[in-house]
Every structure is written in structure tokens, then in C-alpha cells.
Ligand SMILES: Cc1cc2nc3c(=O)[nH]c(=O)nc-3n(C[C@H](O)[C@H](O)[C@H](O)COP(=O)(O)OP(=O)(O)OC[C@H]3O[C@@H](n4cnc5c(N)ncnc54)[C@H](O)[C@@H]3O)c2cc1C
């Protein structure tokens, strides 16, 4: 960035938020050197970060966010919003320099309506803190991502996130009633106050999943729920995955709604799941949890699901495995269960309808295995972790314990795995992502995913962000 622009930028930001909230010293900026995308972590480790912001700024009000965006337009400086930096697709990295807009000081719960069970919460609040505040009042947000400690409300909305309770309560787009956001040209907008209406297209949904390219979310009105009075667990092993998928399909299409539905293939069951629940497991294993206000209804729902599983050759395992899974549900994602450098890792998570899901599982996992030469000892554990009335998704988690020592070669291997997995999934009838977003990692596949629709998306982006200020290059824009 030219020295004169840099000078005007820093002075302008300091005027808007005060000097203490503007971070331009290298040490302060280095905390934004990578999100949780494997390559961003590896590149930072090698001393060549993907994310090279010229400055980071921490606004405290939506009005300050609007002023910052206006300043960036004046100076033609890119902005990348930063929530918790927990994204895994590279979306939060400032790969073209400019401003990192750290939203974590917008962290208030503005109001709770205990009659309607709605709440206005600011975008920078972490999911964990929000949930803890609600639990103290007997309420819950029911969005339980494994990254709950870092992920913010705004980041969850921007990346279209999902949590372990999604099969009953939905993904983040099902929790959001309306939004307050700053447009790419710096206007503060409120979307209609209730989401069911006939007053034109829905601006709220345009922002959800836009990964910061079409606006900066500053607050959301979200649904709350009563904390459940009863939880019942059901754990079933199946001789083959197809029987488990069919049981899951019948549970969903007959209107049963376990919030937790996780079907682990035999690799995932015998490796990660068995280790987490301290029980030897050999076969595909389904972990389910049912919850609700009325204990008798919860028991009945679990009993019906049990019948369906038994009718599909399921073998019941002790419920205590489910209870242990619930207690330890996030351990899978952190060391020693989650990989660290020098490993290469990543998850191909794709979504399809029931007609295609089994083929998607087989084709995607086959393609990933074929993309990695034997010498690299690929480990691939897969589970179907979010279920819908019409389909499910597969979460294929790959790890190469020690890949090529040269970073460019390691990236080429990583990219080859994703290309093989994503393209095979799309050929078999899947969409390329269920809940982690696109970011930098999946941007090359957007054209193939959307076809002619990509041109429409680009025109929306160009009309809303004429100076290409917000997250330029992300989402394939
Ligand atoms: C260990 C681990 C476990 C995970 N488990 C899950 C899981 O269970 N479910 C799940 O969905 N994801 C999971 N993730 C991925 C990640 O946590 C989610 O994508 C999360 O939604 C990102 O939130 P964040 O606040 O960290 O956003 P960031 O990573 O900071 O940003 C993500 C994107 O959103 C944009 N953005 C952030 N805030 C805003 C805002 N206010 N307005 C506009 N744009 C914004 C950023 O520019 C970027 O494009 C996991 C990640 C890790 C590392």
C-alpha cells in the first residue's frame, strides 16, 4: 500500500474508533496471520502467511463499522471481516492486504424477548459465551458448532454454519430472523423485522453464507428455545453403511427429529469414535440423541427410531456410549484427536439428497483415496453428521501424517485431494459444501457449482460493491 494511503488510512481509522483500537504494528497484525485452513496455518508456520493485513481495527458500534467501510471506499482499500478466525476455508485471511475488521468488540446481547423467544445479539459475540448467558436463564440457542469457543455469531452466519443439534433445530440460516448489516458502500441496513412476510425478496438470506463479500453483519435477531428437560440417547451399529443410511432416511422422512444424528463409517467408528467413547467399535455406528420438554414424547420418539434401526439389521449398543459421546462431543476437533503440523489435513464436506447420498459417499471417498499415493499413509474417516428431511451430508476427514517437506509440494497434494473429492462428489450429485463455506479453498469450484448462476452472483456483487472493497476474490468473485 502506498505510504500516503497508509497514512490517511491510519489517521482516518484512529479518528473513527480511537488510537487504541487501531493495530498497525507488526506484532499486533500477526495475530491475524491465518484462520484455521490447513494451508494458512502451514504458510504462517513457514514464515510466509497468506494473510497480510496492513492494519487491523476493532470497532465497538455498528455506526463505526459503517464509517470504516466508507473510509475504505474512499481510499479503495480492501476489508476482510474477522470473527473468531476459526473458519477452515481461508475466508478470513486478508490475502490482498488492507484492513482486518475484527468484530469481537461488538459483543452485547442487546435484548431478550422471553415471550417470543427471540434475542438481538451482536455479531462479535462468541457462540459459547452467548450460550452460557442464555443457559443461565433456562434458554438455549441450539447452535452448537465444535468451534463454539472461537466462532462468533457473525462468523457462523457468514459461513452458513451448522452445529451438532442441526437435524432437529436446523442450520444457522434457520435460527436467524433478521439482520442488521453494513453494506459494502457503508450504509447501515435492517432487514424486515420478521422473516415470514410477502413484502418482496428476503435480504436476510442474501447475507447468510456471503462470507463477508456482500456486507458486514453487525447484529442478528435469532430464535431461542427452552433448555430441554429430557435427553435420551440411542447408539446402534450396522453391518453395513447402506442399512444405517436407510434407517436415518426413514427416521427423517417419517417426521422423527433427533437433534443429534451421526452415522460413522467403519473407519471413523473404529478410529476416532471408538477412541473418544473408550469402546471398541468395528462397524458403522449411529449415535443419536432425542430431546424435548415432554419426557414421555422424547422416550416415544427414541422408541420409534429404535424400531426403525432394528428393522434394518441394527444392533443396539449401550446408551451410555451416547452419553459419553455427548460429554466429549467436541474432543474430536482438538489435539490429540485433531491433527497438527507437520500433518496435512482437511475435510471434504458435501451434501446431497437421499437419492444420491450413498453414491456420493462411495465416489468421494474413493476419489480422495486415489488422489494420495500410498507412501503418504492417508487416513480417511467419514461420517454423515447433519440430516435433513430430504438428504444428508458426508464429512470426509483426511489426514496425511507427514506429507512432503516442501510447502509448495504439500499444498499441491492437499489441493489434489480437494479437487478429486469435490469433483467426484459433484459428479455423483452433491453440492460441494454443507456448512464450512467456500473461502479461498473452494473458490475455484464455484463456476462449476453454479453454472450460469455464477454470472448472476457476480452481477449482484458488482452492483452492491462497486469498488470491490469487501473480501475481493473470495467466493470466486
Ligand atoms: C476445531 C474446529 C471445529 C469446527 N467445527 C465447526 C462446526 O461444528 N460447525 C461449523 O459450522 N463450523 C465449524 N468450524 C468452522 C468455523 O468455526 C465456522 O466456519 C465458523 O462459522 C466461523 O466463525 P468465525 O467467527 O470464526 O468466522 P471467521 O473464521 O472469522 O470468518 C469466516 C468468514 O466470515 C466472514 N465474517 C466473519 N464475521 C463476519 C461478520 N460479522 N459479517 C460478515 N462477514 C463476517 C469472514 O470475513 C470470513 O469470510 C470448525 C472449525 C474448527 C477450527
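How far is helix 241-253 tilted, in degrees, relative to the longest principal axis of the Cα atoms in the chain, given as a value from 0 to 90 rounded to the nearest 10? Around 70 degrees separate the two axes. Under the criterion of Cα pairs below 8 Å and six or more residues apart, the relative contact order for segment 1-74 equals 35 percent. With contacts taken as Cα pairs under 8 Å at a separation of at least 6 residues, segment 109-226 carries a relative contact order of 32 percent. Counting 0.36 nm for each residue step from residue 74 to residue 390 and taking away their Cα separation leaves a gain of 109.1 nm.
Between 0 and 90 degrees, the angle of helix 453-464 with respect to the longest Cα principal axis of the chain falls at about 40 degrees.
Let me have the relative contact order for the chain, percent, based on Cα pairs under 8 Å that are six or more residues apart. The normalised contact order for the chain reaches 15 percent. Dividing the helix sum by the residues of the chain, where each DSSP H run of 4 or more adds -39500 (n - 2.57), gives a mean residue ellipticity at 222 nm of -10500 deg cm²/dmol. Ranked by how many other Cβ atoms sit within 10 Å of their own Cβ, fewest first, the residues 265, 107 fall in the order 107, 265.
Rounded to the nearest 0.05, the FRET efficiency derived from the C-beta distance between residue 96 and residue 229 at R0 = 51 Å is 0.50. Taken along the Cα-to-beta-carbon direction at a fixed 7 Å, the label points for residue 334 and residue 423 span 3.8 nm.
The distance from the alpha carbon centre of segment 404-448 to that of segment 166-190 is 27 Å, rounded to a whole number. Helix 62-75 and the long axis of the chain differ in direction by around 60°, with both axes built from C-alpha atoms. The ranking of 190, 175 by Cβ neighbour count inside 10 Å, starting from the fewest, reads 190, 175.
For the chain, DSSP calls about 90 percent of its internal beta bridges antiparallel.
Roughly how many whole Å is it from the C-alpha centroid of segment 218-251 to that of segment 15-47? With segment 218-251 and segment 15-47 each reduced to a Cα centre, they are spaced 38 Å.
Read the figures in this text as sums done on the coordinates, not as results from a lab. All values derive from a computational prediction rather than experimental measurement. Ideal geometry is used to build each Cβ from the backbone, glycine not excepted, and the neighbour counts take in all protein chains shown.
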